[in-house]
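K.L.:
The structure under discussion is supplied below as structure tokens; questions concerning it will follow.
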């Protein structure tokens, strides 16, 4: 570890460039000597007088805890809970695992190109049936499936197209998610058959002149959901007054209010109800565009597939390492919830939240992490009832650093100043590229956990969370970043 004078100089160089209050306090404390005082100055700042902190830092070479503040206190983790779920998924499934989605039927293909019976779109938990790995084209995978059917001579389905989502069971949403979450993409329903992150993307822009209707572009342009708009173009420079409403259980999205003239387009990610039906409907639309008609309409089921089904077309997901990378880089809630249920199906034979948590608990016990006092209600951290400790989370990070899949886990985390949810944080030289960590944010909660490669070459695992801070979230974010920058300067 570097001496206090050198460390203070390194910190002050960063402070001159940015000088957030948290780092000024840390630098002043560090001149008085030591990492302990530096972090103490951050968490003891007057603005956090009524907040709860939990912090633990471990030296990965020696295994020694070099800083701790309330390490056993249970705190809400927000999206840093994804560290737990993704680590368990990598352990159970491996970084090379892929998930196969298929189109199947037990019906006979006759000489007229008709499938005489129902056709099933079978979801097995692939969270990336979207345009994410297909140049942004959300229906690209379904287009490939439709083309495979057309090449086999299929011209008509004399039955239903059924979205099969039987791998997962139980509630489609997490326990104690807020009502306000459920209309937006980050609160989308969970299904073993999920398409386009179970959202509709609406891009709204002003018209040419004040008073004109706003322009709404929707992706995908499916008949499954409808958009009505009474919103108009407001005066140039005026505040946005756009309101979006989608009632629970409805596929009608209503827009009202105003969008200022000359303002930049804005994309809204709106959750869509009944994901399996959404997926099957869009596939039916793609089939129709390929000249394959579905006579019996669209349906969904969770019942076992009928005997004698055969695969007509299939798609394999990216490897699990890439799936986990999407989760942690952009903090994708739906994908995490799907991984939790996949864990239950893989390890316990039931794709439920309860069995997913049972698999996670067993994984954590194998790492020597006691979780008896924890409370995990979901996999993503969106629940306001999730509770973890800084000590346990730091132990998880240290354990994963020694894990056979350590590289895939570390590579999934956002890199400070480079990508993901840290792309615009810690951009200064002291920390840029040296901190890889998962962020977490819900109301009055901020957290950060991951790894730091220090200037001295030492490596640290760290976890820090602040709860019950009623002030600006930016205060908490700056303080968390200051802790990571302080570690990077060692």
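K.L.:
Please sort 433-443, 470-480 by packing, taking for each peptide the average over its residues of neighbouring beta carbons within 10 angstrom, highest first.
P.N.:
433-443, 470-480
K.L.:
Another question, then. Treating each Cα of region 179-271 as an identical point scatterer and ignoring solvent, apply the Debye formula and state log10 I(q)/I(0) at q = 0.11 Å⁻¹.
P.N.:
These q points yield log10 I(q)/I(0) values of -0.33.
K.L.:
Would you mind checking the tilt of helix 275-289 against the longest principal axis of the Cα atoms of the chain, expressed as 0 to 90 degrees and rounded to 10?
P.N.:
50 degrees
K.L.:
A further question follows. Assuming 0.36 nm per residue, please report the length gained on full extension of the stretch residue 208 to residue 247 beyond their Cα-Cα distance. Spell out each step's value before the answer.
P.N.:
Values: separation 39, 0.36 × 39 = 14.04 nm, distance 3.04 nm.
That pair, residue 208 and residue 247, stretches by 11.0 nm at full extension.
K.L.:
By average Cβ neighbour count within 10 Å, what is the ranking of 178-186, 85-93 from highest down?
P.N.:
Numbers: 178-186: 15.0, 85-93: 24.9.
In decreasing order of mean packing, 178-186, 85-93 become 85-93, 178-186.
K.L.:
Want the number for residue 299 to residue 348: 0.36 nm per residue separation, take away the alpha-carbon distance, what's left?
P.N.:
Details: separation 49, 0.36 × 49 = 17.64 nm, distance 2.85 nm.
Stretched out fully, the residue 299 to residue 348 stretch lengthens by 14.8 nm.
K.L.:
Along the principal axes of its C-alpha atoms, what lengths does region 287-333 span, in descending order and rounded to whole Å?
P.N.:
Largest to smallest, the principal-axis extents are 42, 30, 19 Å.
K.L.:
Quick one: which of 384-392, 234-242 comes out on top by average Cβ neighbours within 10 Å, and what's the full order, highest first?
P.N.:
Numbers: 384-392: 22.6, 234-242: 13.3.
Per-residue mean Cβ counts within 10 Å order the peptides as 384-392, 234-242.
K.L.:
Also, quick follow-up: Mind pulling up the Rg/Rh value for region 333-401? Radius of gyration and Kirkwood radius, both on Cα.
P.N.:
Values: Rg = 11.8 Å, Rh = 12.3 Å.
We get a ratio of 0.96 for region 333-401.
K.L.:
Please report the antiparallel percentage of the DSSP beta bridges confined to the chain, to the nearest 5.
P.N.:
Working: 61 of 81 bridges.
Within the chain, antiparallel bridges account for around 75 percent of the total.
K.L.:
Only counting other Cβ atoms within 10 Å, I'd like 329, 76, 348 sorted with the fewest neighbours first. Each step should come with its number before you reach the end.
P.N.:
Numbers: 329 19, 76 26, 348 16.
The fewest-first ordering by Cβ neighbours comes to 348, 329, 76.
K.L.:
At q = 0.10 Å⁻¹, what is the log10 ratio I(q)/I(0) for the chain, with the Debye formula run over Cα points and no solvent?
P.N.:
-0.82
K.L.:
Now, a different point. Kindly put 101, 424 in sequence by how many other C-beta atoms sit within 10 Å of each C-beta, fewest to most.
P.N.:
Numbers: 101 26, 424 9.
Least crowded to most crowded, the residues run 424, 101.
K.L.:
Roughly what would the spin-label model give for residue 64 and residue 133, points 7 Å off Cα along C-beta, in nm?
P.N.:
Between residue 64 and residue 133, the label points sit 4.4 nm apart.
K.L.:
Then there is this: Please order 255, 121 by the number of other Cβ within 10 Å, starting at the fewest. Mind showing how you got there, number by number?
P.N.:
Numbers: 255 20, 121 27.
Arranged by neighbour count, lowest to highest, 255, 121 become 255, 121.
K.L.:
Given 0.36 nm per residue, what is the gain on full extension from residue 419 to residue 37 after removing their alpha carbon distance, in nm? It would help to have the intermediate numbers written out before the result.
P.N.:
On the way: separation 382, 0.36 × 382 = 137.52 nm, distance 3.05 nm.
Computed gain between residue 419 and residue 37 is 134.5 nm.
K.L.:
Also, I was wondering about something else. With axes computed from alpha carbons, what is the tilt in degrees of helix 140-151 against the longest principal axis of the chain, rounded to the nearest 10 within 0 to 90?
P.N.:
Computed tilt is about 30 degrees.
Read-outs: derived from the displayed coordinates by stated rules, not from any lab. Quantities reported herein were computed from a predicted structural model and do not represent experimental measurements. Every residue, glycine among them, receives a Cβ derived from its backbone with ideal geometry; neighbour counts consider all protein chains shown.
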